[in-house]
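**Q** One structure is given below, represented as structure tokens, and several questions about it will come after.
The values are calculated or read from the model by the stated rules, or taken from the named source; none is laboratory data. On a predicted model such as this, the values are computed, not experimentally measured, just so you know. Virtual Cβ from ideal backbone geometry, glycine too; neighbours counted across all protein chains shown. The accessibility values were calculated without ligands, DNA or RNA, using every heavy atom of the protein model including side chains. Shrake-Rupley method; radii C 1.70, N 1.55, O 1.52, S 1.80 Å.
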Amino acid sequence: MSLYKENNSKSAALFERAKKIIPGGVNSPVRAFGSVGRTPRFIERAYADRIIDVDGNEMIDYVCSWGPGILGHAHPEVIEKVKSACDLGLTYGAPTEKEVILADLIAECIPSMEVSRLVSSGTEAVMSAIRVARGFTGKNKIIKFRGCYHGHSDGLLVKAGSAALTTSVPDSEGVPADFTKHTLVAEYNDLSSVEALFEANSDDIAAVIVEPVAANMGVVLPAEGFLQGLRELTLKYNSLLIFDEVITGFRLSLGGAQQYYKVTPDMTTLGKIVGGGMPVGAYGGRKEIMDKVSPVGSVYQAGTLSGNPIATAAGIATLTILKNDLAIYDRLEKSGAYLADTIKNACSQVHVNQVGSLLSVFFTEKEVNDFESATSSDTKKYAQYFGYLLDHGIYTAPSQYEAMFVSDAHTKEDLRATATVIKEYFQNEYR
């Protein structure tokens, strides 16, 4: 099959059909391609670093299912374990040994998650972690950061990033003001804004929740001392520090961003990568904190499909591969840096942020280190860039405010092919 065919008639027809029976034609807003002015591609299958749509277009994929595809698509060892698990039944609604094995692996890889609870999504993990933080501390308020996205639960859909930022609806309708009155918003990479909130609410802040690397306003790295400063402030005011590692967990290192930056939170939330890309999540922390969770403690949380045998089989296989091949992180760092350097060398009028296998190009000459600078990017130019790459067989995030992901399945040949297309774009547009 050729790398790319300039045809999307089947995707266009499916999109028109979908819009009649699904809100906006998609089951998650960013998939609609609204901010890039294109028709979404309906994917039929995927392998390694490629996805193939219903029109037969084969593309090099840098979305990686929004992060969990760290090993690439359809990794044979993971698929084998999933197929074997399916033969035994899809779900039981009862405990299985796989849940215990996966929890052991999580604790081994991320020691701060001494005890963890599996759930079915990153949103659910974050929502539950905050409930536990409130139950453990006896306090009501939380601090989040403008532009950081922690899922679509009511109390956190305030000044959010990700698709909420893309569609210019950072505060959703349908969320009563009473649900968000305990959510305080600080500025990412600005410790003084956090300290001011603590000083004004010193006795009632249960937790600070942060993406240790912000990846839902584009990739924005923590400034030197920022994460450590949060650790010190939460200790000072007897609050918990929650790292939302739905994106960074197992991606920046086997131990996530907390290992990479050497800052230990009280609680951590994880997303689909802990289940090898299956619909799953996890939250956890010190035993004394997690002992608040029912049935041991009085903080209630439950889920019929939590820890289901298919997701846990995929998660065990994925984490075992990562644990046994730590060189993967060196390979991912080199691949990410190669693409970042390609963009930097091709155009001096854009800014690139990269750490490990995460990167973003911002169409601004400003240094991007917070929400304000991230949103200074020219989104129309990003849409043009996205469209050029798509038309040349490179599939990237259909939003300025999402990350570009590299997997271990990306070959040197495909990275070079991607670099060639990127250089051609900037040569054509920035002569």
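**Q** What residues qualify as long-range amide H neighbours of LEU240, i.e. H under 5 Å apart, gap of 5 or more or another chain, H built at 1.01 Å from N?
**A** Residues meeting the criterion, in which the H sits 1.01 Å from N, are ALA207, VAL208.
**Q** Here's something else I'd like to know. Using amide H atoms built in the peptide plane, which far-off residues or other-chain residues are under 5 Å from ALA186 H to H?
**A** Under 5 Å from the amide H of ALA186 lie the amide H atoms of LYS144, PHE145, ARG146, each far enough along the sequence or on another chain.
**Q** From the phi angles alone, apply the Karplus equation (6.51, -1.76, 1.60; θ = phi - 60°) to the stretch 381-392 and give each ³J(HN,Hα) in whole Hz, x where the residue is Gly or Pro.
**A** Going residue by residue, I get 5, 4, 4, 5, 4, 4, x, 5, 5, 4, 5, 10 Hz, with x marking Gly and Pro.
**Q** Compute the semi-axes of the equivalent ellipsoid of the chain, taking the square root of 5 times each eigenvalue of the Cα gyration tensor, and list them largest first in whole Å.
**A** 33, 26, 21
**Q** Looking at this model, which pairs from LYS144/LYS323; LYS366/LYS423; LYS181/LYS366; LYS19/LYS181; LYS144/LYS423; LYS141/LYS287 are more than 26 angstrom apart at the alpha-carbon? Kindly include the intermediate steps, with their values, before the conclusion.
**A** Values: LYS144/LYS323 31 Å; LYS366/LYS423 21 Å; LYS181/LYS366 33 Å; LYS19/LYS181 35 Å; LYS144/LYS423 38 Å; LYS141/LYS287 22 Å.
Correct reply: LYS144/LYS323; LYS181/LYS366; LYS19/LYS181; LYS144/LYS423.
**Q** Provide, as a two-decimal number, the C-alpha radius of gyration of the stretch 177-256 over 2.2 N^0.38 Å, N being how many residues it has. It would help to have the intermediate numbers written out before the result.
**A** Details: Rg = 13.2 Å, N = 80, 2.2 N^0.38 = 11.6 Å.
The value comes to 1.13.
**Q** Let me ask something else. Show which aspartates and glutamates lie in cross-link reach of LYS334 when reach means a straight Cα distance below 17 angstrom and same-chain residues fewer than eight apart are skipped.
**A** Cα-Cα hits under 17 Å: ASP49, ASP325, ASP408, GLU413, ASP414.
**Q** Tell me which aspartates and glutamates have Cα within less than 18 Å of LYS344's Cα, excluding those fewer than 8 residues away on the same chain?
**A** Cα-Cα hits under 18 Å: GLU333, GLU365, GLU367, ASP378, GLU424, GLU429.
**Q** Which value, in Å², gives the accessible area per residue of the chain when a 1.4 Å probe is used on the protein heavy atoms?
**A** On the way: 18210 Å² over 431 residues.
Accessible surface, normalised per residue, equals 42 Å².
**Q** With loop defined by DSSP as not H, G, I, E or B, and exposure as at most 14 other Cβ atoms within 10 Å, which is the longest segment of the chain clear of exposed chymotrypsin sites (Phe, Trp or Tyr not before Pro)?
**A** No qualifying site falls inside 93-299, the longest such stretch.
**Q** Follow-up. Quick one: what are the phi-derived ³J(HN,Hα) couplings along the stretch 345-351, Karplus 6.51/-1.76/1.60 with θ = phi - 60°, whole Hz, x for glycine and proline?
**A** Calculated HN-Hα couplings, in order: 6, 7, 7, 8, 9, 10, 10 Hz.
**Q** Oh, and also: Would you mind telling me the share, in percent, of accessible area of the stretch 308-431 contributed by carbon and sulfur at probe 1.4 angstrom?
**A** Answer for the stretch 308-431 is 44 percent, counting heavy atoms of protein chains only.
**Q** What are the residues whose amide H is under 5 Å from the amide H of TYR149, where those residues sit 5 or more places off or on another chain and H is modelled from the backbone?
**A** GLY161, ALA215, ASN216
**Q** Pop the C-beta distance of SER294 and GLN427 into the FRET formula with R0 = 60 Å and round what comes out to the nearest 0.05. Numbers along the way, then the final one.
**A** Details: r = 59 Å, r/R0 = 0.99.
Efficiency for this residue pair is about 0.50.
**Q** Now a separate question. Over 19 Å between C-alpha atoms is what I'm after, so list which of LYS139/LYS262; LYS98/LYS292; LYS81/LYS272 land there. Could the numbers behind the result be given before it?
**A** Working: LYS139/LYS262 27 Å; LYS98/LYS292 23 Å; LYS81/LYS272 17 Å.
The answer is LYS139/LYS262; LYS98/LYS292.
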